[in-house]
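Worksheet for the structure shown next.
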Amino acid sequence: MIKVVGQDAQIELFLKTADKGMLAHSFIITGPDGVGKSVFARFMASYILCTSKNKPCGVCSNCIRVKNKNHPDVIEIAPKNSIGVDDIRGLSEKINTKPYEGDRKVVIIKGADFITIQGQNAFLKTLEEPPLDTTIIMLAENINLILDTIKSRCQIYKLNRIPIEKVKNYLISINVEEKKAELFSNLSDGIIGNALKMLDNRYQILRDETCSVFTKMVQFNPLDFMMIEDFFTANKDNIEAVFDIIISLIRDISVFKNTLKETHCLNIDKIDLIRNLSEVLSNEKLNRLLEIILNTKGNIDKNANFQMAITSLLLSMQEV
Ligand SMILES: [Zn+2]
(Lines give C-alpha, C1' and ligand atoms only; values in the text may rest on other atoms or scores of the structure.)
Protein backbone atom coordinates (compact mmCIF):
# COMPACT_ATOMS: atom_id res chain seq x y z
CA MET A 1 0.00 0.00 0.00
CA ILE A 2 1.24 3.50 -0.79
CA LYS A 3 1.76 5.41 2.46
CA VAL A 4 1.16 9.15 2.45
CA VAL A 5 2.89 10.16 5.68
CA GLY A 6 1.00 12.53 7.97
CA GLN A 7 -1.69 13.60 5.48
CA ASP A 8 -4.48 11.56 7.07
CA ALA A 9 -7.14 14.28 6.86
CA GLN A 10 -6.67 14.83 3.13
CA ILE A 11 -6.56 11.07 2.46
CA GLU A 12 -9.78 10.65 4.41
CA LEU A 13 -11.41 13.47 2.46
CA PHE A 14 -10.37 11.83 -0.82
CA LEU A 15 -11.64 8.39 0.22
CA LYS A 16 -14.97 9.78 1.43
CA THR A 17 -15.48 11.69 -1.81
CA ALA A 18 -14.53 8.58 -3.79
CA ASP A 19 -16.84 6.29 -1.83
CA LYS A 20 -19.72 8.65 -2.55
CA GLY A 21 -18.85 8.39 -6.25
CA MET A 22 -18.16 12.10 -6.38
CA LEU A 23 -14.58 12.15 -7.64
CA ALA A 24 -13.88 14.75 -10.29
CA HIS A 25 -11.99 14.07 -13.52
CA SER A 26 -9.35 16.63 -12.65
CA PHE A 27 -7.47 17.36 -9.46
CA ILE A 28 -4.89 19.78 -8.14
CA ILE A 29 -2.64 18.71 -5.29
CA THR A 30 -0.83 21.65 -3.77
CA GLY A 31 1.73 22.07 -0.99
CA PRO A 32 5.43 22.78 -0.38
CA ASP A 33 8.21 20.88 -2.15
CA GLY A 34 8.80 17.49 -0.51
CA VAL A 35 5.50 17.40 1.37
CA GLY A 36 4.27 14.32 -0.52
CA LYS A 37 2.28 15.57 -3.53
CA SER A 38 3.60 12.85 -5.87
CA VAL A 39 2.97 10.11 -3.33
CA PHE A 40 -0.56 11.43 -2.78
CA ALA A 41 -1.13 11.42 -6.55
CA ARG A 42 0.03 7.82 -6.79
CA PHE A 43 -2.26 6.90 -3.89
CA MET A 44 -5.14 8.39 -5.90
CA ALA A 45 -4.03 6.57 -9.05
CA SER A 46 -3.86 3.35 -7.08
CA TYR A 47 -7.44 3.90 -5.87
CA ILE A 48 -8.69 4.69 -9.36
CA LEU A 49 -7.05 1.66 -11.03
CA CYS A 50 -7.42 -0.86 -8.17
CA THR A 51 -9.40 -3.98 -9.15
CA SER A 52 -10.36 -5.03 -5.60
CA LYS A 53 -13.47 -4.12 -3.65
CA ASN A 54 -11.61 -2.28 -0.88
CA LYS A 55 -9.68 0.34 -2.79
CA PRO A 56 -6.76 0.83 -2.84
CA CYS A 57 -5.99 -2.74 -1.75
CA GLY A 58 -2.24 -2.45 -2.17
CA VAL A 59 -1.94 -6.07 -3.34
CA CYS A 60 -3.60 -6.34 -6.76
CA SER A 61 -1.41 -6.15 -9.84
CA ASN A 62 -2.52 -2.57 -10.55
CA CYS A 63 -1.83 -1.32 -7.01
CA ILE A 64 1.61 -2.94 -7.01
CA ARG A 65 2.58 -1.49 -10.37
CA VAL A 66 1.34 1.99 -9.45
CA LYS A 67 3.45 1.80 -6.30
CA ASN A 68 6.49 0.63 -8.27
CA LYS A 69 5.93 3.39 -10.83
CA ASN A 70 5.65 0.98 -13.76
CA HIS A 71 1.94 0.93 -14.56
CA PRO A 72 1.48 1.74 -18.27
CA ASP A 73 -1.76 3.62 -17.59
CA VAL A 74 -0.22 6.04 -15.10
CA ILE A 75 1.56 8.68 -17.14
CA GLU A 76 3.81 11.11 -15.28
CA ILE A 77 4.83 14.33 -16.94
CA ALA A 78 7.52 16.41 -15.27
CA PRO A 79 8.54 19.46 -17.27
CA LYS A 80 11.83 21.14 -16.42
CA ASN A 81 11.09 24.81 -16.89
CA SER A 82 8.02 26.54 -18.20
CA ILE A 83 5.33 24.76 -20.20
CA GLY A 84 4.07 26.65 -23.23
CA VAL A 85 1.26 26.22 -25.72
CA ASP A 86 3.20 23.74 -27.91
CA ASP A 87 3.91 21.49 -24.93
CA ILE A 88 0.24 21.62 -24.00
CA ARG A 89 -0.70 20.35 -27.48
CA GLY A 90 1.56 17.34 -26.98
CA LEU A 91 0.16 16.86 -23.51
CA SER A 92 -3.44 17.00 -24.72
CA GLU A 93 -2.64 14.34 -27.33
CA LYS A 94 -1.31 12.09 -24.58
CA ILE A 95 -4.42 12.71 -22.52
CA ASN A 96 -6.64 11.79 -25.47
CA THR A 97 -5.01 8.40 -26.18
CA LYS A 98 -6.81 5.25 -25.03
CA PRO A 99 -5.60 3.41 -21.93
CA TYR A 100 -3.17 0.58 -22.77
CA GLU A 101 -4.59 -2.07 -20.48
CA GLY A 102 -7.77 -1.40 -18.59
CA ASP A 103 -10.57 1.07 -19.07
CA ARG A 104 -8.98 4.00 -17.21
CA LYS A 105 -5.77 5.94 -17.16
CA VAL A 106 -4.28 8.59 -14.89
CA VAL A 107 -2.13 11.49 -16.08
CA ILE A 108 -0.02 13.18 -13.40
CA ILE A 109 1.34 16.61 -14.35
CA LYS A 110 4.13 17.70 -12.02
CA GLY A 111 4.94 21.40 -11.77
CA ALA A 112 1.56 22.49 -13.16
CA ASP A 113 2.35 25.95 -11.78
CA PHE A 114 5.04 26.19 -14.48
CA ILE A 115 2.44 26.20 -17.26
CA THR A 116 2.39 29.66 -18.86
CA ILE A 117 -0.86 31.64 -18.89
CA GLN A 118 -1.22 30.95 -22.64
CA GLY A 119 -0.51 27.29 -21.96
CA GLN A 120 -3.14 27.19 -19.23
CA ASN A 121 -5.71 28.77 -21.53
CA ALA A 122 -4.90 26.16 -24.18
CA PHE A 123 -5.15 23.40 -21.57
CA LEU A 124 -8.56 24.64 -20.46
CA LYS A 125 -10.19 23.07 -23.53
CA THR A 126 -8.89 19.65 -22.51
CA LEU A 127 -10.13 20.17 -18.96
CA GLU A 128 -13.56 21.29 -20.16
CA GLU A 129 -14.04 18.15 -22.24
CA PRO A 130 -11.78 15.53 -20.73
CA PRO A 131 -11.90 12.01 -22.16
CA LEU A 132 -14.18 10.03 -19.85
CA ASP A 133 -11.56 7.32 -19.29
CA THR A 134 -8.92 9.73 -17.99
CA THR A 135 -8.16 11.31 -14.63
CA ILE A 136 -5.85 14.33 -14.65
CA ILE A 137 -3.89 15.14 -11.48
CA MET A 138 -1.92 18.39 -11.44
CA LEU A 139 0.74 19.02 -8.81
CA ALA A 140 1.63 22.58 -7.88
CA GLU A 141 3.74 24.20 -5.18
CA ASN A 142 2.23 27.60 -5.85
CA ILE A 143 -1.47 27.30 -6.62
CA ASN A 144 -1.72 31.09 -6.98
CA LEU A 145 -0.04 30.72 -10.38
CA ILE A 146 -2.92 28.62 -11.66
CA LEU A 147 -5.85 30.34 -13.36
CA ASP A 148 -9.18 30.41 -11.53
CA THR A 149 -10.84 28.93 -14.61
CA ILE A 150 -8.61 25.86 -14.22
CA LYS A 151 -9.00 25.65 -10.45
CA SER A 152 -12.79 25.80 -10.69
CA ARG A 153 -12.76 22.60 -12.77
CA CYS A 154 -10.65 20.64 -10.29
CA GLN A 155 -11.03 19.11 -6.86
CA ILE A 156 -8.20 20.57 -4.79
CA TYR A 157 -6.20 18.83 -2.06
CA LYS A 158 -3.91 20.97 0.05
CA LEU A 159 -1.03 19.19 1.80
CA ASN A 160 0.54 20.91 4.79
CA ARG A 161 3.70 20.53 6.82
CA ILE A 162 3.29 17.83 9.47
CA PRO A 163 4.31 17.71 13.16
CA ILE A 164 8.03 16.95 13.73
CA GLU A 165 7.01 14.00 15.89
CA LYS A 166 5.26 12.36 12.91
CA VAL A 167 8.35 12.81 10.74
CA LYS A 168 10.45 11.24 13.50
CA ASN A 169 8.11 8.28 13.95
CA TYR A 170 8.07 7.65 10.23
CA LEU A 171 11.88 7.67 10.07
CA ILE A 172 12.02 5.19 12.95
CA SER A 173 9.45 3.01 11.15
CA ILE A 174 11.81 2.73 8.18
CA ASN A 175 14.69 1.72 10.49
CA VAL A 176 16.50 5.01 10.89
CA GLU A 177 18.24 4.95 14.28
CA GLU A 178 16.55 7.07 16.95
CA LYS A 179 19.25 9.76 17.30
CA LYS A 180 19.37 10.39 13.57
CA ALA A 181 15.58 10.28 13.33
CA GLU A 182 15.40 13.00 15.97
CA LEU A 183 18.04 15.15 14.28
CA PHE A 184 16.63 14.88 10.76
CA SER A 185 13.03 15.41 11.87
CA ASN A 186 14.21 18.50 13.79
CA LEU A 187 15.77 19.85 10.61
CA SER A 188 12.95 18.76 8.28
CA ASP A 189 10.70 21.78 8.82
CA GLY A 190 7.82 19.30 8.97
CA ILE A 191 8.41 18.16 5.40
CA ILE A 192 8.94 14.45 4.98
CA GLY A 193 10.88 14.85 1.70
CA ASN A 194 13.45 17.05 3.46
CA ALA A 195 14.04 14.39 6.10
CA LEU A 196 14.38 11.66 3.46
CA LYS A 197 16.98 13.70 1.54
CA MET A 198 19.02 13.98 4.73
CA LEU A 199 19.31 10.19 4.96
CA ASP A 200 21.61 10.36 1.94
CA ASN A 201 25.20 10.01 3.10
CA ARG A 202 26.27 12.78 0.73
CA TYR A 203 23.95 15.20 2.52
CA GLN A 204 25.47 14.28 5.86
CA ILE A 205 28.98 14.89 4.53
CA LEU A 206 27.87 18.22 3.05
CA ARG A 207 26.36 19.21 6.38
CA ASP A 208 29.55 18.38 8.33
CA GLU A 209 31.67 20.29 5.81
CA THR A 210 29.31 23.27 5.87
CA CYS A 211 29.48 23.40 9.66
CA SER A 212 33.28 23.51 9.67
CA VAL A 213 33.38 26.07 6.84
CA PHE A 214 30.87 28.21 8.74
CA THR A 215 33.14 28.10 11.80
CA LYS A 216 35.97 29.40 9.60
CA MET A 217 33.72 32.05 8.05
CA VAL A 218 32.86 33.62 11.38
CA GLN A 219 36.50 33.67 12.47
CA PHE A 220 37.16 36.11 9.62
CA ASN A 221 40.72 35.06 8.86
CA PRO A 222 41.67 36.50 5.43
CA LEU A 223 43.91 33.47 4.83
CA ASP A 224 40.80 31.26 4.70
CA PHE A 225 39.08 33.38 2.07
CA MET A 226 40.11 31.24 -0.93
CA MET A 227 39.31 27.97 0.80
CA ILE A 228 35.83 29.17 1.74
CA GLU A 229 35.18 30.55 -1.73
CA ASP A 230 36.27 27.22 -3.26
CA PHE A 231 33.89 25.37 -0.96
CA PHE A 232 30.91 27.42 -2.15
CA THR A 233 31.93 27.09 -5.80
CA ALA A 234 32.34 23.32 -5.48
CA ASN A 235 28.86 23.08 -3.97
CA LYS A 236 27.11 25.37 -6.43
CA ASP A 237 24.55 22.68 -7.28
CA ASN A 238 23.67 22.23 -3.60
CA ILE A 239 23.87 25.86 -2.63
CA GLU A 240 20.34 25.97 -1.28
CA ALA A 241 21.09 23.10 1.10
CA VAL A 242 24.36 24.79 2.16
CA PHE A 243 22.55 28.04 2.99
CA ASP A 244 19.76 26.20 4.82
CA ILE A 245 22.35 24.41 6.96
CA ILE A 246 24.02 27.74 7.81
CA ILE A 247 20.68 29.42 8.56
CA SER A 248 19.67 26.67 10.96
CA LEU A 249 23.09 26.93 12.68
CA ILE A 250 22.73 30.70 13.12
CA ARG A 251 19.24 30.12 14.47
CA ASP A 252 20.53 27.58 17.00
CA ILE A 253 23.45 29.77 18.08
CA SER A 254 21.02 32.65 18.69
CA VAL A 255 18.59 30.47 20.59
CA PHE A 256 21.31 28.93 22.73
CA LYS A 257 22.91 32.31 23.41
CA ASN A 258 19.64 33.69 24.70
CA THR A 259 18.24 30.66 26.53
CA LEU A 260 21.35 28.57 27.35
CA LYS A 261 19.13 25.56 26.70
CA GLU A 262 20.49 22.77 24.50
CA THR A 263 17.03 21.27 24.23
CA HIS A 264 15.88 24.29 22.23
CA CYS A 265 18.46 23.61 19.52
CA LEU A 266 17.66 21.72 16.31
CA ASN A 267 21.22 20.66 15.43
CA ILE A 268 21.49 18.38 18.44
CA ASP A 269 24.70 16.73 17.22
CA LYS A 270 26.51 20.09 16.93
CA ILE A 271 25.97 21.37 20.45
CA ASP A 272 29.69 21.96 21.14
CA LEU A 273 30.07 24.07 18.02
CA ILE A 274 26.86 25.98 18.85
CA ARG A 275 28.00 26.65 22.42
CA ASN A 276 31.47 27.81 21.34
CA LEU A 277 30.17 30.17 18.68
CA SER A 278 27.46 31.53 20.98
CA GLU A 279 30.26 32.75 23.25
CA VAL A 280 32.13 34.66 20.54
CA LEU A 281 29.25 36.03 18.45
CA SER A 282 27.10 38.90 19.73
CA ASN A 283 23.37 39.04 19.00
CA GLU A 284 24.03 41.96 16.71
CA LYS A 285 26.61 39.98 14.73
CA LEU A 286 24.30 36.99 14.49
CA ASN A 287 21.50 39.13 13.10
CA ARG A 288 23.85 40.72 10.61
CA LEU A 289 25.17 37.30 9.51
CA LEU A 290 21.66 36.00 9.01
CA GLU A 291 20.75 39.05 6.98
CA ILE A 292 23.81 38.62 4.71
CA ILE A 293 23.11 34.92 4.15
CA LEU A 294 19.42 35.51 3.39
CA ASN A 295 20.33 38.31 0.99
CA THR A 296 22.82 36.15 -0.88
CA LYS A 297 20.36 33.26 -1.02
CA GLY A 298 17.69 35.59 -2.41
CA ASN A 299 20.07 37.03 -5.02
CA ILE A 300 21.12 33.59 -6.22
CA ASP A 301 17.45 32.54 -6.39
CA LYS A 302 16.91 35.55 -8.62
CA ASN A 303 19.69 34.30 -10.93
CA ALA A 304 22.38 36.75 -9.85
CA ASN A 305 25.90 35.89 -11.04
CA PHE A 306 26.88 33.07 -8.70
CA GLN A 307 30.57 33.86 -8.34
CA MET A 308 29.94 37.54 -7.71
CA ALA A 309 27.25 36.76 -5.15
CA ILE A 310 29.63 34.47 -3.23
CA THR A 311 32.54 36.94 -3.33
CA SER A 312 30.26 39.70 -2.12
CA LEU A 313 28.96 37.39 0.64
CA LEU A 314 32.48 36.75 1.91
CA LEU A 315 33.46 40.42 1.73
CA SER A 316 30.34 41.43 3.67
CA MET A 317 31.03 38.78 6.28
CA GLN A 318 34.51 40.15 6.89
CA GLU A 319 32.99 43.51 7.70
CA VAL A 320 30.60 42.13 10.30
ZN1 LIG B 1 -5.60 -2.87 -5.63
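Please find, in a Gaussian network model of the chain (springs between Cα atoms separated by less than 10 Å), the residue of Lys55, Lys285, Lys110 whose mean-square fluctuation is greatest. Comparing Lys55, Lys285, Lys110 in a Gaussian network model of the chain, the most mobile one is Lys285. Given the C-alpha centroids of segment 100-163 and segment 2-17, what is the distance between them in whole angstrom? Using only Cα atoms, the two centres lie 19 Å from each other. Dividing the Cα radius of gyration of segment 96-162 by 2.2 N^0.38 Å, with N the residue count, gives 1.19. In this view, the solvent-accessible surface of Met22, computed with a 1.4 Å probe and all protein chains in place, comes to about 120 Å².
What angle, in degrees between 0 and 90 and rounded to the nearest 10, separates the Cα long axis of helix 117-128 from the longest principal axis of the Cα atoms of the chain? Value to nearest ten degrees: 30.
Mean sequence separation of contacting Cα pairs (under 8 Å, at least six apart), scaled by the length of segment 200-319, corresponds to a relative contact order of 27 percent. Here each label is just a point 7 Å from Cα along the line to Cβ, and for Val85 and Glu262 those points are 6.4 nm apart. Once the convex hull of all Cα atoms in segment 194-320 is built, its volume per residue stands at 104 Å³. Label zone (Phe306, point 7 Å along Cα-to-C-beta; backbone nitrogen cut-off 15 Å) within segment 203-218: none.
Over the chain, the hull volume per residue, using the convex hull of the C-alpha atoms, is 152 Å³. Straight-line cross-link partners of Lys69 among the aspartates and glutamates, defined as a Cα under 17 Å from its Cα and at least 8 positions apart when in the same chain: Glu101.
Of the cross-linked pairs Lys53/Lys98; Lys158/Lys261; Lys16/Lys105; Lys151/Lys302, which ones have a Cα-Cα span greater than 26 Å in the structure shown? From Lys53/Lys98; Lys158/Lys261; Lys16/Lys105; Lys151/Lys302, over 26 Å: Lys158/Lys261; Lys151/Lys302.
Treating the Cα atoms of segment 188-269 as identical point scatterers in vacuum, please give the log10 of the normalised Debye intensity I(q)/I(0) at q = 0.14, 0.20, 0.26 Å⁻¹, two decimals. The computed values of log10 I(q)/I(0) come out as -0.53, -1.01, -1.33. Across all directions, the average projected area of the convex hull around the alpha carbons of segment 219-263 is 4.0 nm². Rounded to the nearest 500, the 222 nm mean residue ellipticity of the chain from helices alone is -17500 deg cm²/dmol, with -39,500 (n - 2.57) taken per DSSP H run of at least 4 residues.
Listed peptides 164-170, 176-182 appear in the order 164-170, 176-182 once ranked by packing, highest mean of other Cβ atoms within 10 Å at the front.
Of the whole protein surface, Arg288 contributes about 100 Å² of accessible area at a 1.4 Å probe radius.
Note on segment 8-158: Kirkwood hydrodynamic radius from all Cα pairs is 15.5 Å, rounded to one decimal. Restriction of the chymotrypsin sites (Phe, Trp or Tyr not before Pro) in segment 40-134 to DSSP coil positions whose beta-carbon has at most 13 other beta-carbons within 10 angstrom yields Tyr100.
For the pair Lys53 and Lys179, the difference between a 0.36 nm per residue extended length and the Cα-Cα distance amounts to 41.2 nm.
For segment 48-91, applying the loop criterion from DSSP together with a ceiling of 12 other beta carbons within 10 Å to the trypsin sites (Lys or Arg not before Pro) yields Lys53, Lys69, Lys80.
Between Gln155 and Lys197, the C-beta separation translates, for a Förster distance of 45 Å, into a calculated FRET efficiency of about 0.95.
Taking every protein chain into account, the accessible area of the chain amounts to 52 square angstrom per residue (probe 1.4 Å).
The mean sequence distance of close C-alpha pairs (under 8 Å, at least 6 residues apart), as a share of the length of the chain, puts its relative contact order at 17 percent.
The label point for Asp148 and the one for Asn283, both projected 7 Å from the Cα toward the Cβ, are 4.6 nm apart. For a straight C-alpha distance cut-off of 16 angstrom, the lysines reachable from Lys285 (same-chain residues fewer than eight places away being disregarded) are Lys216, Lys257. Whenever you get a sec, compute what percent of the accessible area on segment 225-320 sits on carbon and sulfur atoms (1.4 Å probe). Carbon and sulfur atoms account for 50 percent of the accessible area of segment 225-320.
The values are calculated or read from the model by the stated rules, or taken from the named source; none is laboratory data. Keep in mind it's a predicted model, so treat the numbers as computed, not measured. Note that each Cβ is placed from the backbone with ideal geometry, even for glycine, and that neighbours are counted across all protein chains shown. Each accessible area value is taken on the protein alone, full model and side chains, heavy atoms only, with ligands, DNA and RNA left out. Shrake-Rupley method; radii C 1.70, N 1.55, O 1.52, S 1.80 Å.
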